[in-house]
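Only the coordinates and a few stated rules stand behind these numbers; no lab work does. Values in this document were obtained by computation on a predicted structure and should not be read as measured data. All Cβ positions, glycine included, derive from the backbone under ideal geometry; neighbour counts span all protein chains shown.
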Amino acid sequence: MTSDLDIKLQVTEIFHSIQGESSHAGQPSTFVRLTGCSLRCGYCDTKYSYSGGHAMKIGEVLDKISGYPTRLVEITGGEPLEQDASIHLMEQLLTTGYTVMVETGGHVGIERVPGSVIKIIDVKCPDSGEFGTFCMDNIRLAAPHDEFKFVISSRADYEWSRSFYNEKLEAQSQTVLFSPTFEVLPSVHLAEWILSDGLRVRLGLQIHKHIWNPMLRGV
């Protein structure tokens, strides 16, 4: 009988860095970037993870993670929830005492993700190129510690996001992040719009891109 530790994942990279996004930004974290995504967002900064990578057993992934001095692990992609084995990896990490986050594009249902995993769930705006892919059930399925993220490229994106937030998320308990598309929408504009409208959302900046070269991998 095959052990969960022998189940294989397609992995692009595993690295140790500073958490760059979400309300957990600034924390040292280990990242497991899985390979493959069916979406093609125009602003995607990890196109290299669409294909390739290498097969690793979950046990091998855990061994690699254990070599880093952090207890926070984020599983990202690509789209991690398009690999069923990612659920087994999350379960193993939780069992061994890690705090686990998953960054998902929002088009895959989160019902199989363990409840204690912190889920950062994208809601795709009109300018993303993948508008309309969001799985609406994820609003109902989200736990209080989960977060919803909008990557905003224009005033039109902002107005759509504001309406979505007001209609569907304002009464929810989750943190909601409005993030400007890097080098497309100046963060000062988004900050001013949020303040002007009195929205109870959090401005999210990709701080790792302000620390390191935005084109640098493994950070």
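Points to keep in mind about this one:
- Kirkwood hydrodynamic radius of segment 4-211, Cα pairs, Å: 17.4
- Calculated SAXS-style log₁₀ I(q)/I(0) at q = 0.09, 0.17 Å⁻¹ - segment 37-151, Debye, Cα scatterers: -0.24, -0.87
- Cα-centre dipole for segment 139-199 with unit charges at Cβ (Lys and Arg positive, Asp and Glu negative), debye to 20: 140
- Shape parameters for segment 160-213, alpha-carbon atoms, Rg then Dmax in Å: 12.3, 38
- Using the alpha carbons alone, the radius of gyration of segment 2-42 stands to its Kirkwood radius in an Rg to Rh ratio of 1.09.
- Beta bridges by DSSP in the chain, antiparallel share as percent, to the nearest 5: 30
- Mean ellipticity per residue at 222 nm, deg cm²/dmol - from DSSP H runs of n ≥ 4 across the chain, formula -39500 (n - 2.57): -6000 deg cm²/dmol
- For the chain, lysine pairs with C-alpha atoms less than 14 angstrom apart, excluding pairs fewer than eight positions apart on the same chain, total 4.
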